[in-house]
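Right, one structure below, let's go through it.
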Amino acid sequence: MSPFQNIAAVLFDLDGTLIDSAPDLGAAADQMRVSRGLPSLALDAYRPLAGSGARGMLAVAFGMAPDHQDFEAMREEFFCNYERCMTQRTYAFDGVAEMIVSLQGARLQWGVVTNKSARFTDPLTRGMPLFASAGAVVSGDTTPHSKPHPAPLLEAARRLGLEPARCIYVGDDERDIQAGLAAGMGTVAADYGYLGNKADTAAWGAHARIKSPLALLQLLAMA
């Protein structure tokens, strides 16, 4: 049976899949550069690693890895900057709102599973009307494990009252596909997302790949 048959819900990664948060993430890191007398970097420098959160943004802004002695302090400074601006420039990708309306019209539930901590996920999703109809929002610290572990996806399915096999998961990172497969869900790679540097989505093992949010509707209609 196709993994897209008998589906009752669609779960999504957040950053790079439903929303483009790169402008705010990049601005939070760039503010750190400017405050230290360094020149500002263009958004295009930050965008590819936006899906990696603080780790990616500090790598772009300062070439800093998590094992650097100042990483934790710099990460918290980044977090504070981001909290102040997280909804100023963030928006849903083109087609996402229409896609959600169509899923609801087909009586499919939907939800979010992200590695973003609840510290940021909760105010962000509360601040965007798009998420008012989400049946589940699971953050990176909701369960003891984050993606690529399947626990967050299994928790989302539990909250929706569904068996995992009746859900599919859409994401723009290899960890998303690994988590979805481990949870026994159909998986879809969002080729329009951040993807990281030189990502090869064809090698991730997803059941399908889409070039735009609305392409998901075509995929489900073909099941």
request  = Collect the residues in the range 1-41 that are without any contact (Cβ under 8 Å) to a residue 60 or more places away in the chain, touching a Ser or Thr at 6+ places or on another chain (Cβ under 9 Å) and buried (at least 22 other Cβ atoms within 10 Å of the Cβ), keeping them in residue-number order.
outcome  = Leu25, Asp30
query = Say we look at the range 57-112 and pick out the residues that are acidic (Asp, Glu) and over 28 Å from Tyr192 (Cβ atoms); which of these is surrounded by the most Cβ atoms within 10 Å (Cβ to Cβ)?
reply = Glu77
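Hey, among Met32, Met57, which residue is over 22 Å from Asp172 (Cα atoms) and either part of a helix (DSSP H, G or I) or not assigned by TED's automatic domain parsing to the domain that holds Ala215 (or both)?
On the way: Met57 fails: over 22 Å from Asp172 (Cα atoms).
Answer to the selection: Met32.
Can you find even one residue in the range 110-124 that is under 18 Å from Gly16 (Cα atoms), among the charged types (D, E, K, R), assigned to a loop (DSSP other than H, G, I, E, B) and in contact with a Leu (Cβ under 7 Å, 6 or more places away or on another chain)? Can you show your working first?
Taking the range 110-124 first, the residues under 18 Å from Gly16 (Cα atoms) are 110-118, 120-124.
If we keep only those that are among the charged types (D, E, K, R) as well, we get 116, 122.
Filter once more, so that each one left must be assigned to a loop (DSSP other than H, G, I, E, B): 116.
Next, from what is left, pick out any that are in contact with a Leu (Cβ under 7 Å, 6 or more places away or on another chain): 116.
Among the residues of the range 110-124, at least one is under 18 Å from Gly16 (Cα atoms), among the charged types (D, E, K, R), assigned to a loop (DSSP other than H, G, I, E, B) and in contact with a Leu (Cβ under 7 Å, 6 or more places away or on another chain), which makes the answer yes.
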inquiry  = Can you tell me which residue is surrounded by the most Cβ atoms within 10 Å (Cβ to Cβ) among those in the range 137-164 that are among the hydrophobic types (A, V, I, L, M, F, W, C) and without any contact (Cβ under 8 Å) to a residue 60 or more places away in the chain?
reply    = Val138
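Would you say Gly180 is crowded, with 16+ Cβ neighbours inside 10 Å, outside any strand (DSSP E or B), small (Gly, Ala, Ser) and in contact with a His (Cβ under 9 Å, 6 or more places away or on another chain)?
When the stated conditions are applied, Gly180 passes them.
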query = All but one of (1) in contact (Cβ under 8 Å) with a residue 24 or more places away in the chain; (2) in a helix (DSSP H, G or I); (3) buried (at least 18 other Cβ atoms within 10 Å of the Cβ) hold for Leu130; which doesn't?
reply = (3)
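The values are calculated or read from the model by the stated rules, or taken from the named source; none is laboratory data. It should be emphasised that the depicted structure is a prediction, and the values quoted were computed from it without experimental measurement. Cβ: placed from backbone, ideal geometry, glycine included. Neighbour counts: every protein chain shown.
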